[in-house]
Amino acid sequence: MSDWGITTKVPAEVVLVEGIVLAGDLHLYARPTYPPGPETPLEMLNRADVFFALTLNGDVTFVPKSQVVVVTCRGQSRTTDPDRVTAARRIELEVVTQAGGEFRGQVMAELPPSRGRTLDFLNGADAFFELGAADVTWYFNKSRIRLARPLD
């Protein structure tokens, strides 16, 4: 594992297309630039890499992002950058996955004024998006969503 460089492990639960649930630790890269601290799970999932590393029972497993429905992280703080929080639009959203899971929470969307609808957010370029509620954050693969419904 020493050839990986410096990573931060974040506990996560990964639901795959077949309904298999993997519980382990995501590996997030450290970054020496702004914003400080390790990358976020969302940044890792939206990197161009096809696979990501998940430690399961002490062993590393490489998971293809295309097979992921949702990644769940508990106790993760959402962005606290005051400029980003001020600029972001809060969208209350219900998400139903192809695996049948139903989720309700809030998205922090940074959208241009001319493209500020919930549909514009969902049609954005990134493959994954973040939905948060209380002490849990979900990271959804957009290609594995059955439907999404704005609640506001």
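Between GLY105, GLY101, GLY132, GLY124, the distinction of being closer than 24 Å to GLY75 by Cβ and touching a Leu at 6+ places or on another chain (Cβ under 9 Å) belongs to GLY105 only.
Between GLU130, GLU110, GLU94, GLU102, the distinction of being at pLDDT 90 or above and open to solvent by 60 Å² or more (accessible area, probe 1.4 Å) belongs to GLU102 only. Contact annotation: residue pairs with Cβ atoms under 8 Å, 6 or more positions apart or on different chains, pairing a residue in segment 134-152 that is exposed (fewer than 13 other Cβ atoms within 10 Å of the Cβ) and acidic (Asp, Glu) with a partner that is modelled with pLDDT under 95 and assigned to a loop (DSSP other than H, G, I, E, B), are ASP135/GLY75. When the residues of segment 38-63 are filtered to those that are among the acidic types (Asp, Glu) and in a loop (DSSP other than H, G, I, E, B), which remaining residue is modelled with the lowest pLDDT? Only one residue tops the list, namely GLU39.
The values are calculated or read from the model by the stated rules, or taken from the named source; none is laboratory data. As the structure is a prediction and not an experimental result, all values here were calculated from the model. Reconstructed Cβ throughout: ideal geometry from the backbone, glycine too, with neighbour counts over all protein chains shown. Please note that ligands, DNA and RNA were not included when accessible areas were found on the heavy atoms of the full protein model with its side chains. Shrake-Rupley method; radii C 1.70, N 1.55, O 1.52, S 1.80 Å.
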